[in-house]
Each structure stands twice: as C-alpha cells, then as structure tokens.
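The values are calculated or read from the model by the stated rules, or taken from the named source; none is laboratory data. Keep in mind that what you see is a predicted model, and the values were worked out from it rather than measured. Side chains included, ligands, DNA and RNA excluded: accessible areas come from the protein's heavy atoms. Shrake-Rupley method; radii C 1.70, N 1.55, O 1.52, S 1.80 Å.
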Amino acid sequence: TVKIDIATGKMTGSILKFEVGAMVTLTRGRNAGRIGQLMHVERHEGSFDIVTVKDTKDHVFATRLSNLFVIGVGNRPETTLPKGRGIKKGILQERADAEARRDLYKISSSLLINYIQVIGWFA
C-alpha cells in the first residue's frame, strides 16, 4: 500500500508492506469494515488464499486474501480509523447501544417539550 497526498499527487511516507504483523482493514465479505493485525497467511494452490486476522479485542477470524487492505504497521495506522476503530460488536452489545440511544432520545425530547411549555407559560 502506498500513501499519496491528494493535493500534490506525490507519495508521502513509506510503502506499507503486506506481511505478518501489518495492520489491515477488511474491504469485502462478512467481516467488511473490521480492522486487525495480520496473523497468518495460508497459500492454497488453485484456490483462494486464506488469511487469519486478530482484532484489538483478541477476536480471531479468517477471510480471503483479496478482502484485505494494509493500512499500517503493527498497532500504528497510517490513516484515520472509523468511529468504532473497526471492532465488531456482538448482537447483545448492538441492542444495548440502540436501546441507550432510544432512551436518550426519549429523555431529550421530553425535556424539550417541558422547556417549550415553561417558555409558553412566561410568554
């Protein structure tokens, strides 16, 4: 992977090599959007090469080699990471987050209604 400055069109920094220990992001497949460290590469002649990736929460998963994109060396990314830093949440965690957002929306909307009522009384 080569990092390029968009304004000048010139290469900035070093070339990121595809090797064990590199920080990678998955661009396709079931694990798309996840970020982790490349652990192992299995070569299969005449078929898809399989790689093993470990994320920061020590979840290990496998995918095809063509689904990877190198974004850094070790634990140091060369790009800005997304909001969740590429960590896949479990079903229960996603549900808890959705409920928390819904509860926060209910609280904020009720506070807004109360505020409008108070302003209306003094106007």
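Some notes on this structure:
- For the chain, fraction of C-alpha pairs farther apart than 19 Å, in %: 62
- Of all accessible heavy-atom area on the chain, the percent that carbon and sulfur account for (1.4 Å): 59
- Relative contact order (%) - criterion: Cα under 8 Å, at least six apart; region: the stretch 1-114: 22
- Å² of accessible area per residue within the chain, as computed with a 1.4 Å probe and no ligands counted: 76
- Computed from phi, the 3J(HN,Hα) profile of the stretch 36-49 under the Karplus parametrisation 6.51, -1.76, 1.60 (θ = phi - 60°) reads x, 10, 5, 9, 7, 10, 9, 8, 10, 5, x, 9, 7, 7 Hz, with x in place of Gly and Pro.
- Using alpha-carbon coordinates, inclination of helix 91-122 to the longest axis of the chain, degrees: 30
- In this structure, the residue pairs whose Cα-Cα separation is over 29 Å, taken from Lys3/Lys83; Lys10/Lys89; Lys17/Lys57, are Lys10/Lys89.
- With 0.36 nm allotted per residue and the present C-alpha distance subtracted, the Arg30-Ile107 stretch has 24.2 nm of extension available.
- Near Gly72, the amide H atoms lying under 5 Å from its own belong to Met23, Glu78; only residues 5 or more places off or on other chains count, and H is placed 1.01 Å from N.
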